[in-house]
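These notes are about the structure you will find just below.
The values are calculated or read from the model by the stated rules, or taken from the named source; none is laboratory data. All of these numbers come straight from a predicted model, not from anything done at the bench. Neighbour counts are summed over all protein chains in view; Cβ atoms, including those assigned to glycine, are modelled from backbone coordinates with ideal geometry. Ligands, DNA and RNA are excluded from the accessible area calculation, which covers all protein heavy atoms including side chains. Shrake-Rupley method; radii C 1.70, N 1.55, O 1.52, S 1.80 Å.
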Amino acid sequence: MKITLNKLESGENEVIINYIEMNSEVEDIIRAASGEDEKIPCSRDDSRFMIPVRHILYVESVDRTTFLYTADGVYKTSCSLQALEIMYADRGFFRCSKSMIINIYRIVELRSESGGRINASLENGEHVIISRSYAKSFRRVLNGDG
């Protein structure tokens, strides 16, 4: 696939997609460019929700139950931590501890901690600790090597 980028001096951002055949790759690009996102089914207080993946700050597994954390609240999902990690690794989901996945695109600040851990501050002010055993892989991902 050929990608051409043009920097505009003024006006509005514009995306033009030229394609020979509409396929899943083109559809994914259209969804990404238009701001559409895959959604994960979940629940909270007996209500059902579809949470866009990009809104998720982190995911945590507690007693075999998986919770999605957003700026708006906490939601329970039937998806497993491992499944979410695999499905959304290309969208910034990174396993940061045995029971947690963090969305690296929602991190605003990183600080080194004792013992080789990393303290990640998220957009909503929460802090997530990236454990020592995952810190090296995390650094590779940030450097574009992972």
| Loop-located trypsin sites (Lys or Arg not before Pro) in segment 92-130 whose Cβ has at most 10 other Cβ within 10 Å (DSSP) | 98
| note | If N is the residue count of the chain, its Cα Rg over 2.2 N^0.38 Å rounds to 1.21
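Only Lys, Arg, Asp and Glu count, each charged at its Cβ (+1, +1, -1, -1), so figure out the dipole size of the chain about its Cα centre, rounded to 20 debye.
Values: 19 positive and 22 negative charges, 168 e Å.
Computed about the Cα centre, the dipole is about 800 debye.
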| remark: Subtracting the Cα-Cα distance of residue 3 and residue 127 from 0.36 nm times their residue separation yields 41.0 nm
| message | With +1 assigned to the C-beta of every Lys and Arg and -1 to the C-beta of every Asp and Glu, and no other charges, what is the dipole magnitude of segment 37-90 about the Cα centre in debye, to the nearest 20? | response | 120 debye
| query | In whole percent, what relative contact order does segment 10-73 give with Cα contacts below 8 Å and a gap of six or more residues? | reply | 17 percent
| Quick one: Karplus J couplings for segment 124-130, per residue in order, coefficients 6.51, -1.76, 1.60, θ = phi - 60°, nearest Hz, x for Gly and Pro? | 8, x, 6, 10, 10, 8, 8
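For segment 56-146, which whole percent of the accessible surface, found with a 1.4 angstrom probe, sits on carbon and sulfur atoms? Display every interim value, and only then the final one.
Details: 2350 of 5210 Å².
In segment 56-146, the share of accessible area belonging to carbon and sulfur is 45 percent.
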| request: Place +1 on the Cβ of every Lys and Arg and -1 on the Cβ of every Asp and Glu in segment 1-118, take the dipole about the Cα centre, and give the residue among 33, 19, 115 whose Cα lies farthest towards its positive end. | output: 115
| note | Listed by chain and number, the residues whose amide H is under 5 Å from that of residue 38, excluding neighbours fewer than 5 places away on the same chain and using placed H, are 53
| request: For every helix of n ≥ 4 consecutive DSSP H residues, a contribution of -39,500 (n - 2.57) applies; sum these over the chain, divide by its total residues, and give [θ] at 222 nm rounded to the nearest 500 deg cm²/dmol. | output: -6000 deg cm²/dmol
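Can you give me the relative contact order of the chain as a percent, contacts being Cα pairs under 8 Å and 6 or more apart? Don't jump to the answer; show the numbers that get you there.
Values: 191 pairs, mean separation 18.3, N = 146.
With pairs under 8 Å counted, the relative contact order is 13 percent.
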| said: If the reach is capped at under 26 angstrom between alpha carbons, list the lysines near residue 76, excluding any in the same chain fewer than eight residues apart. | reply: 39, 98
